[in-house]
Amino acid sequence: MSAATPVPDLRATLPLVPWPSAVEALDAPVAGLAVVRLDAPDDELRELAAELLVAAGAQVDPAATVSVALSLDADAGPAGSASPERYTLRVTSDGVVATAPERVGLLHAVRTLRQLLGGTGGPDAVPAVVVRDAPRYRWRGLSLDVVRHFFGPADLRAVVDLVAAFKLRVLHLHLTDDQGWRIELPSRPELTEKASQTQVGGGPGGYLTGAEFRDLQRYAAARFVTVVPEIDLPGHVNAATHTYGDLNPDGRPTDVYEGIEVGFSRLWLDLPATEPFLRDVLGDLARLTDGPYVHVGGDEVHTMDADEYARFVERAGSIVRDAGKTPVMWQEAARGTLAPGTLAPGTLLQYWDPKADREPFVDAARAGARFIMSAADHAYLDMKYTPEHPLGLDWAGCVELRDAYEWEPEEVIPGLPADSVEGVSAAVWTETLTTRDELFSMLLPRLPAVAEVAWTAPASKDWAAFRARVAGQAPAWRDAGWEFHPTPQVDWP
Ligand code: ACM
């Protein structure tokens, strides 16, 4: 190599997404990882790790001489990081050692190893590296609409696998809307009996039983993904007002709705049936939910005055808090601060609409709200890639891969204190998405881009390097049967 040969940027040559906090390249590639012994602190982690290594083409054999050793160690991770998710991964000719203070970090380390194994050399020529890593934000998620088109347990487990592959921690499920009610609740069985067999365009719809929802949470939790369920209130409620006439001022059930307009339906806080409905559905949902959050919506209520809206948001939030959960709400709930003190500190607000007036957000942050950034012009993965793309919507513009990658969560709301950003969530709405393949083709390759926004320090991000690294993921996606959109912004292998 002549002195003039540029040193290749590791960020473009190692197939890691999201890019880690610190990567040190060692000498020659490591051979012999095709057959490894796996040591882990418990059986559940060993099984998950084995599944990932096998998916990457390695064999796990207790008699193998080379080992992949996972062990808990408080000193692991980048210098100075206090993140409970931090980890260190050493891949050397002596084998692989992963350390982390918590189990989640060990699984992150295995996912990093899985990406290294799936690189061009395969398990017989794995780059020798030391990775010291920790995420930028705690809340790294995907918000998924299962109402406009229903996606059942098998699809949702595949989504959990995808989310977890890029070290995301939250799967937010939008479970109720105008077109259907998708979660069975013990105190209100009529909701799924009368309002689940519908979806956009007239398909069969469907819903998750309580048992299916619990199973999904267990599957996700084993992979360190928290499920955050949403009942959208006080708008997007036609499934509820279709089920119960007494939620409407005229006492009559509304018609089913299978279109894609928004903003027309609403509840009425002062009708006698409304508060019992809120207590039942939010109470049931909180009891079904293992994680600490319940999302109560709050978006696009176009037919309610500001005072009733603020009272509604306050009531829904306090019912959720009484049930022991932290409420999450769409950005409109920042308007709750119009009545001072109504938006309780610690409430999480999910920012989505870049056209909205920013003032209330800054006020809400000052009052103690924290923000999850789902800026539609970057993180709404139901937006078309290009105007010609056959799937998706375009009200926030097109979102190509580079748009999903190049944005800064702490700058989308000018004036918002940076420390009130809790994290980042991609979102995908399913008006035009009817199958798992269609859904995945919108998520891949853009979800990995948003995952890197959520994980990687801004100074370490680089579009040219990302587009090279994301190309290196495609073989694993093909192996997993995950459909992706081969955007021309990437040179796919
Ligand atoms: C939303 O997109 N209505 C949150």
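The values are calculated or read from the model by the stated rules, or taken from the named source; none is laboratory data. In this text, all values refer to a predicted model and were calculated from it rather than measured experimentally. Virtual Cβ from ideal backbone geometry, glycine too; neighbours counted across all protein chains shown.
Taking the residues in segment 426-442 that are part of a helix (DSSP H, G or I) and not acidic (Asp, Glu) as candidates, determine which candidate is surrounded by the fewest Cβ atoms within 10 Å (Cβ to Cβ). Ranking the candidates gives Arg436 first. In segment 92-141, which residues are at pLDDT 95 or above, of a type in the set (Asp, Glu) and either surrounded by fewer than 20 Cβ atoms within 10 Å (Cβ to Cβ) or in contact with a Cys (Cβ under 6 Å, 6 or more places away or on another chain) (or both)? Of everything in segment 92-141, just one residue is at pLDDT 95 or above, of a type in the set (Asp, Glu) and either surrounded by fewer than 20 Cβ atoms within 10 Å (Cβ to Cβ) or in contact with a Cys (Cβ under 6 Å, 6 or more places away or on another chain) (or both), namely Glu102. For segment 291-324, a residue qualifies if it is closer than 20 Å to Arg188 by Cα and either in a loop (DSSP other than H, G, I, E, B) or among the charged types (D, E, K, R) (or both), and the qualifying residues are Arg315, Asp322, Ala323. If I ask for residues that are among the basic types (Lys, Arg), free of Cβ contacts under 8 Å to residues at least 40 places away in the same chain and buried (at least 18 other Cβ atoms within 10 Å of the Cβ), which ones from segment 354-380 would you list? Within segment 354-380, none qualify.
Counting only residues that are of a type in the set (Phe, Trp, Tyr) and away from the ligand (no atom under 15 Å from the Cβ), how many does segment 407-437 have? Final tally of qualifying residues: 1. Just checking, which of Arg157, Arg90 is touching a helix residue (DSSP H, G or I) at 6+ places or on another chain (Cβ under 6 Å) and either closer than 19 Å to Trp477 by Cα or in contact (Cβ under 8 Å) with a residue 40 or more places away in the chain (or both)? The conditions single out Arg157.
Going residue by residue through segment 407-419, is there one that turns out to be touching a strand residue (DSSP E or B) at 6+ places or on another chain (Cβ under 8 Å), within 29 Å of Arg370 (Cβ to Cβ) and among the small types (Gly, Ala, Ser)? Looking for residues that are touching a strand residue (DSSP E or B) at 6+ places or on another chain (Cβ under 8 Å), within 29 Å of Arg370 (Cβ to Cβ) and among the small types (Gly, Ala, Ser), one finds none in segment 407-419, hence no.
The set of residues in segment 34-66 that are within 21 Å of Arg478 (Cβ to Cβ) and not in a helix (DSSP H, G or I) comprises Ala34, Ala56, Gly57, Ala58, Gln59. Every condition in (1) at pLDDT 95 or above; (2) surrounded by fewer than 16 Cβ atoms within 10 Å (Cβ to Cβ); (3) closer than 21 Å to Ala125 by Cβ is met by Leu16 except one, and the failing one is (2).
Scanning segment 390-406 for residues that are among the acidic types (Asp, Glu) and away from the ligand (no atom under 16 Å from the Cβ) returns Glu400, Asp403, Glu406. Residue-level analysis places Thr430 among those that are within 17 Å of the chain's Cα centre (by Cα) and polar (S, T, N, Q). Among residues of segment 426-437 that are in the same structural domain as Glu406 (by TED's automatic domain parsing), those with a Cβ under 9 angstrom from a residue that is away from the ligand (no atom under 16 Å from the Cβ) and of a type in the set (S, T, N, Q), sequence gap 6+ or separate chain, pair up as Thr430/Gln199; Leu433/Ser441; Thr434/Gln199. For segment 341-369, name all the residues that are under 18 Å from the mean Cα position of the chain (by Cα) and either modelled with pLDDT under 95 or not charged (D, E, K, R) (or both). Leu348, Leu349, Gln350, Tyr351, Trp352 - these are the residues of segment 341-369 that are under 18 Å from the mean Cα position of the chain (by Cα) and either modelled with pLDDT under 95 or not charged (D, E, K, R) (or both).
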